[in-house]
Structures are given as structure tokens and as C-alpha cells.
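Asks: This is the structure I have questions about; it appears just below.
Computed from the coordinates by the stated procedures, all read-outs in this text should not be read as laboratory data. On a predicted model such as this, the values are computed, not experimentally measured, just so you know.
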Amino acid sequence: MAVTPAAAPNGPLESSPGDRELAGLFRKLAAAQQQIGKVARDGRNRNQHYDYATAEALLGEVRNPLADHGVVLLPELDAIEQREHSYRSGESSTLTTVKVRFTFCDTQTGATLARSWAGSGDDPGDKGLGKAYTNALKTFVRSVFLIPTGDDPEADEQTDRRARQRAVSGQATRAQRDYLKALASEHGIPNGELVNLLCNLAGGEALPDEQAAALYDEALRRLTKQVASEAIERLKRRSAEQAPAPPPAVHGNGQTPEPAASERPGDSESLDI
């Protein structure tokens, strides 16, 4: 048997007062979003060599548009989780993860809109909580208001270039890796220095020695034939440059031959010209 839908009441369908207030808050957030523009990358990570948009820049771009429309943002820390870990270099650190509840409040109607967000920060000292909270605040604000900063993790030209190079060159052979490690050991080259050499030959930027050393196994695993060949040739040239000079010739009587007059030091200075 067919079911006949109930007839709609006459006139427009009205929302409850709470729904109307929440809709007003949404309109204010949309209006604020229209005023918010792109945020420049004003910070620099000197260890990993990349630029980023700081929390101050993001909040500075958002604060006035929200205030213009009578909206405030209230963060509240809900949970903290900390986990100790160690890098391959042996250095220990603490990864802190926080859960923050962000609430938008309409100062005219009292309407609120709350959302939870997570953030994380890694630090060997006592700055992990601050880093995690800042990470949560930055990513929440940027995601809610769709703020472009140019920090697209997929738009990594260096990574793409290295990937293309690996595709063309192919992976290094086991013999190349073993020979390269033997040459590095012969010269007493630390793992971090060798990784930075490989990064330089692959078109990448140098890393701090400890961070580079932690990437030793990964760098060898992703090593290409081309970069391996160039690194081996460079270390072989270093071997040739550091090779000791041959000992002087010795006559049968055990005497070192006297240099020719033209080769004696000081002789040229005593000549009358």
C-alpha cells in the first residue's frame, strides 16, 4: 500500500529559536571567512630547512574578522598524552599529544559551536606541551577557515625530483652500498657526514649531524645507482689525495742521492743575474 506523505503546514517552516541563533553564528563565521586572506610563511625551520606560517601570523589574520562580527573563540584543553621515545642516534625525546575543545561563541545571542581537535609536539625538554597546543591551534584555525599558506606537504619539489631521479637511475646495488660503507669506514667518516654527502649529491640540503645520522639506514635504502657512483668516486679521490708521498730513492750504500744543483733550495737565490 502506498504511503501518502503528510501535508506540509501552511507558510514557511520555522526553526526553533536555538536553531535560528546557531544559523546566525554560522553566517558570522562565513562572513569572517570572506575577510580572511592568505597567510605568508613568516617562520623558518633551520634544522629541516623549510618555511612555515607561524601561529602568530594565523591568529593575527583571524582575530579582527571574528571580532568584527562579535564572535570569540575559546580553547579548552581536554586531554594530554605523553610518550617517551628514542632516535636511532640514541637521543631520547617526548612526544606530546593534546586534545583541545574549541568553542565559537556569538556575543550577541549566546549561541555556541564546539569542536574537538588534536595536536602533537616532539621535544626532549619541557616544551612538548606548548608545541602540541600550538600545533592544535594552528591546524584547527587553518582548517576551519580554509586559510591558504603554501604549506602543502604534497607540494614538495625536492621530494618529487628525487623520486624522478630514483625512477630513472634505479636503486643502488648491494655491492655499491657495501663498497661505499667500506670507503666511509676507511676514512673514518661518521654516518651523519656520509648522509649529508649523499643528500648533497642528490640535490638536497644538509641536515644537522645527529638528525642526518638518524637517517643513515633510510638513506642507504633509498640510494640510487647514480648517487652511489658519484659518492664512491668522490671518496676514491679523497683516498688518492690523502695517500702518503712515495719514500725517496736510496742508493745501494744507503745514502739518499743529493739533489741536482738546480733543485737545491737556495741555489737560485745565490745566482748572479
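Asks: Given a cut-off of 19 Å, name the pairs among K28/K138; K38/K99; K28/K131; K38/K138; K99/K131 whose C-alpha atoms lie farther apart than that in the structure shown. Numbers along the way, then the final one.
Replies: On the way: K28/K138 21 Å; K38/K99 26 Å; K28/K131 30 Å; K38/K138 14 Å; K99/K131 13 Å.
Too far apart for the 19 Å limit: K28/K138; K38/K99; K28/K131.
Asks: Lysines near K181 by alpha-carbon distance under 16 Å, same-chain residues fewer than 8 away left out - which ones?
Replies: Here the lysines satisfying the reach criterion relative to K181 are K225, K236.
Asks: For segment 18-144, count the residues as N, evaluate 2.2 N^0.38 Å, and divide the Cα radius of gyration by that value, please.
Replies: Values: Rg = 17.3 Å, N = 127, 2.2 N^0.38 = 13.9 Å.
For segment 18-144, the normalised Cα radius of gyration comes out at 1.25.
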